[in-house]
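Here, each number is a calculation from the coordinates, and none is a lab measurement. From a predicted model like this one, the values you see are computed outputs, not experimental measurements. Using ideal geometry, Cβ is built from the backbone for each residue, glycine included, and neighbour counts are taken over all protein chains shown.
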Amino acid sequence: MSIKCVILAGSPSKSYMYGGEQTTSFTAKLVEEIKSGMADTEFEEIRLADVALPYCRGCYNCFYSGEQFCPHKTLMQPIIEKMKAADCLILSSPVYALHISALVKNFFDLGAYNFHRPSFFTKKAIVVSSTAGGGAATACAYMKSTLKHWGYNRVYKLPVVRMGAVEPKNNLKAKCQKLGKKLYQDTASLKLHSPTYKRIFFYQVWRIMSQKTPGPDKTHWQESGLVNRVFAPGIRLGPFKFLFGKMMHGIMGAAMKNV
């Protein structure tokens, strides 16, 4: 089965100097190895550095009026639409100062309304980060958490500590290829994995909060029908998770009735 995959590259540079020689981004090399494990896949790479997204102004337009009122919508929304049209995502970031790059953080800031209005429930992803010291696990955990809040059904992680390495070793290449194959097979299977209790809990939080004030959040939840569901359609919960979601919705709804 042929699938489409968007690659969001969060490194500010394509190459850097190491030992007096020019070499390409180590994180990008990991992504290339992941791609080699994904048969029958159409890739589209978006380098956030080339898009040159301006910094989020914190104007709240996306929350209160809608993402179409973001002052940077002409640059931001085409990326979101490509993510929605694709079957899966590879998101990469080198580690800067023990965390993700400013490019990826700014992208998440500009897309923060997706926390309120999740819509990527059928999508799968891999998050990739590499570091010469520490922070790769933290960076991957943050990227995964954000995508899960946006609705992503399954997110795989690849944190890599490269130390002084310029090229991935053969065992790391094999690991990348294996992970790419897993993403491809998972995506092509069309299987939707059951969410964790944590995801069900946050779904109820946004489900209830969306109805407290009029605006794009309320519209999204009502028009999509999500407001009437314990979780997104087509995703099996099982009896215990279903009851947990119903219970959390009831408890939080009662607690916020007078808020």
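Residue by residue through region 97-109, which ³J(HN,Hα) values in whole Hz follow from phi under the Karplus form 6.51 cos²θ - 1.76 cosθ + 1.60 (θ = phi - 60°), with glycine and proline marked x?
Values, residue by residue: 6, 6, 7, 5, 5, 4, 4, 6, 4, 5, 4, 5, 4 Hz.
Which residues' amide hydrogens lie under 5 Å from the amide hydrogen of Leu8, considering only partners 5 or more residues apart or on another chain, with H built in the peptide plane?
Sorted by chain and number, the residues that satisfy this are Ile46, Ile90, Leu91, Ser92.
Expressed as a rounded percentage, what relative contact order does the chain have, with Cα pairs under 8 Å and six or more residues apart?
Relative contact order of the chain: 21 percent.
Once phi is turned into ³J(HN,Hα) by the Karplus curve 6.51 cos²θ - 1.76 cosθ + 1.60 with θ = phi - 60°, what whole-Hz value does each residue of region 174-187 show in order, with x for glycine and proline?
5, 5, 4, 4, 5, 5, x, 4, 5, 4, 4, 5, 5, 5
Grab the DSSP H runs of the chain that are 4 residues or longer, score each as -39,500 (n - 2.57), total them, divide by all residues and round the 222 nm result to the nearest 500 deg cm²/dmol.
-14000 deg cm²/dmol
Which peptide among 70-76, 116-122 comes first, and what is the full order, when sorted by highest mean count of other Cβ atoms within 10 Å?
The peptides rank, most packed first, as 116-122, 70-76.
Per residue of region 32-44, in order, report the coupling 6.51 cos²θ - 1.76 cosθ + 1.60 (Karplus, θ = phi - 60°) as ³J(HN,Hα) in whole Hz, putting x for Gly and Pro.
Karplus-based 3J(HN,Hα) across region 32-44 equals 4, 5, 4, 4, 5, x, 10, 6, 6, 10, 9, 9, 10 Hz.
Checking the a/c ratio against 1.5 first, then a/b against b/c, what shape does the Cα gyration tensor give for region 197-255?
oblate
Given H placed 1.01 Å from N in the peptide plane, which residues other than close sequence neighbours of His72 have an amide H under 5 Å from its amide H?
Hits under the 5 Å cutoff: none.
Over region 135-238, calculate the relative contact order: mean separation of alpha carbon pairs under 8 Å at least 6 apart, over the residue count, as a percent.
Reported as a whole number, the value is 23 percent.
Between Lys157 and residues 5 or more places away or on another chain, which pairs have amide H atoms under 5 Å apart, with H built 1.01 Å from N, and which residues are they?
It is Val127, by chain and number.
Please compute the contact order of region 197-255 in relative form: average sequence separation of alpha-carbon pairs under 8 Å and at least six residues apart, divided by the residue count, as a percent.
It rounds to 44 percent for region 197-255.
Could you tell me how far the Cα centroid of region 119-155 sits from the Cα centroid of region 24-42, in Å?
Spelled out, the Cα-based centre of one part sits 16 Å from the other.
Indicate the gyration tensor shape class of the chain (rounded, prolate or oblate), computed on the Cα atoms with a ≥ b ≥ c the square roots of the eigenvalues: a/c under 1.5 is rounded; otherwise a/b larger than b/c is prolate and the rest oblate.
It is prolate, given that a/c is not under 1.5 and a/b is the larger ratio.
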